[in-house]
Amino acid sequence: MMKQFLFFLLIAVSAAAVQAQTPLTAEVAYDYLQSQRKRADATVGESTKPPADSLQKGVRILQAALAYYHRPEVEALAKTSKSLYYRQSDILYDLGRLQSLAGQGAAAAVSLRPLLAAEFRGASYPGKILNDPDLTAVRQDPTFLPLLAQARTLDNVFNSKALATPYQPNLSAAEKVAGLSKMWEEAKYNFAYFDHLPGFDWDKLYLDYLPKVQATPSTLAYFRLLQTFYAQLHDGHTGVWTNKGPLADSVYGGPPLRAHLVEGRVLLRDVRYDSLRRTGLVPGLEIVQIDGQPVVAYADRAVRPYQSGSTPQNVDVQTYTYGLLGGPETRPVRLTFRDAKGHEFTRVLPRNGYGKFTPKVPVRLRFLPGNVAYLQVNEFETNAGFQRFAAAFDSIKTTSALIIDLRQNGGGNSGNGYDILSYLTDKAYRPGSYQSRIYSAVGRARGEGVRFEELYKTSTQSPAGGNKLYTKPVAVLISGETFSAAEDFCSAYVGLKRGILVGEPTGGSTGQPLAFALPGGIMARVCTKRDAYPDGTEWNGIGILPTVSVHPTVAALQAGRDPVLEAALRALSSSTKASKVVGKAYSAGSKK
């Protein structure tokens, strides 16, 4: 008992020390509570059967964190910060989980009961409590069963498994209609951009598609029809796909090649298999025919109708970079190529069986002649780009200019981009402006139409601070493949007025997609959030426009040159003291 008292005293003293050294703000309180959650996780470890003493230590850490949250000054701050406010529910969930693992079902029920109240029903906790294997003990507690039954009923309103039926070669007519109806319903109540479609009638389109889906002869045909249905919404974060199994094998097989559209022609950009490179398939080759058809005609017939995109450049990327060579794994694809000298040759390539692909490089850092740092970040799914940038920052800081290349970055987690951006400013900033639809049954009964609410009114990003500030000129390279979280980076960058954007308009789509399951192993998603520049100006459906517009050319790419990088170096040369050196470097640097 004395040890437990001393433990809580130590926690209280530590918390008090933190507060004595740092003014108490919502951010400070948030960071402290998150650190305690991480500390509890580290104490328990990753074993599926943690030792009893580790579980008890973790429980005590979380109980102390909960006591900290309930301090009057912290609760007052939580009323002004959603991020801090929801730490209470996260801690309660963590606590209930550890208590359940320790066999303390009754105690876990007490911790988790608030998460089934109306206040948190809109969050994901009811579903987690219903499905988390670590909460088996609490689900057996008799006092918890009535609340659990109620939560299950409410959870089924949106997350019922009834429509998530498995794949079969041809779904029933009822399943097909139910799937289409689910898509119609989710878009009707949640899609963020109906006003981008003037004159559009969603109900009429639904009626038009009802007989079509019932007439489809197979699940594959049904899947393709659903793709065309959502493609009518013209949004890059709204679409239909399948993850695995026979249906995925029917549409997602393909050789390890990636192409792109340049000046109306289709060039190989990536060859991710060494054996194919050794046979002469190298970047820069033009694809002129697919299965005997001219490549653009083939794309328009077999690929483009199924692509959801917010802008023409977004649809082109979906069609030519991601979807062009897809098809059944069992059916090879016949490709006719043309090299820079005009010589044509044909290859028949299987769509599977290649073994290990050459992985996509997530980040590259080079130092170009003229003392220019070049950081290519090809994804924000991970923080690899930021980690490389931060690790090399001492060297980057001494350069005359910085180029950040996002031309192949299709997005991921926006925070991974903001981490890099935090080194480019010494001020807190708002990365964007956000809205989401709100629905009130009573409001609609009273005659209200579609309404939106502003999100994240106080959401700001903080600068890295200290010596982590880059003050020299910056250029960001963009293309139609720059998408989603990469566009969030560009939107914030524009708001900061930190530097130029060089290249082509971005894909023009971001937002929080709502994903849901359909019959036959099919998945769909709907964009639920409107994103804009920090000042409220919309770019979704347009793309983030370059400051310096540069379009790659076939001749330049086949000659091994990079016109976009060259233009960025030229522009930077005029804004740096080392203009003469950088100007001489642009041509050499772009060929590396």
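Just so it is clear, none of the values below were taken in a lab; they were calculated from the coordinates. Keep in mind that what you see is a predicted model, and the values were worked out from it rather than measured. We place every Cβ from the backbone using ideal geometry, glycine too, and count neighbours over all the protein chains shown.
Descriptive notes on the structure:
- Overall form of the stretch 404-538 per C-alpha gyration tensor (a/c, 1.5; a/b vs b/c): prolate
- The stretch 383-412 residues near the modelled SER83 label - backbone nitrogen below 18 Å, point 7 Å along Cα→Cβ: 383
- Within the chain, antiparallel bridges make up roughly 75 percent of the DSSP beta bridges whose residues both belong there.
- Spin-label model, ASP41 to ALA441: label points 7 Å out along the Cα-to-beta-carbon direction sit 3.8 nm apart.
- Here's the picture: charge each Lys and Arg Cβ at +1 and each Asp and Glu Cβ at -1 in the stretch 119-196, and of LEU154, GLY127, PRO169 the one pushed furthest to the positive end of that dipole is PRO169.
- Residues ASP203, ASP270 arranged by fewest to most Cβ contacts within 10 Å: ASP203, ASP270
- Selected from GLY264, SER250, PRO217, residue furthest toward positive end of dipole (the stretch 190-334; charges at beta carbon): SER250
- For the stretch 249-314 and the stretch 178-245, distance of Cα centres in Å: 26
- Note on the chain: semi-axes of the ellipsoid equivalent to its C-alpha gyration tensor, largest first and rounded to whole Å, are 44, 35, 24.
- Gyration tensor verdict on the stretch 305-443 (Cα atoms; rounded if a/c is under 1.5, prolate if a/b is larger than b/c, oblate otherwise): oblate
- The simple Förster model, with R0 at 45 Å and r as the Cβ-Cβ distance, assigns LEU197 and ALA392 a FRET efficiency of 0.50.
- Exposure proxy shown here: for VAL295, VAL28, the number of other Cβ atoms within 10 Å sets the order, fewest to most, as VAL28, VAL295.
- GLU344, GLU487, GLU566 arranged by Cβ crowding within 10 Å, fewest neighbours leading: GLU344, GLU566, GLU487
- Overall form of the stretch 144-226 per C-alpha gyration tensor (a/c, 1.5; a/b vs b/c): oblate
- Averaged over residues, the count of other Cβ atoms within 10 Å places the peptides 525-533, 345-353, 180-188 in the sequence 525-533, 180-188, 345-353, highest first.
- Working from the Cα coordinates of the stretch 221-347, the gyration tensor eigenvalues give, after taking √(5λ), semi-axes of 26, 17, 12 Å in decreasing order.
- Cα-Cα over 29 Å, subset of LYS497/LYS529; LYS161/LYS244; LYS128/LYS427; LYS79/LYS128; LYS49/LYS79: LYS128/LYS427; LYS49/LYS79
- Nonlocal amide H pairs with LEU477, under 5 Å, H built at 1.01 Å: ILE404, ASP405, LEU406, VAL502
- Computed extension length for THR358-ALA428: 21.2 nm, one decimal, from 0.36 nm per residue of separation with the Cα-Cα distance subtracted.
- Considering only beta bridges that DSSP places wholly inside the stretch 357-431, some 50 percent are antiparallel.
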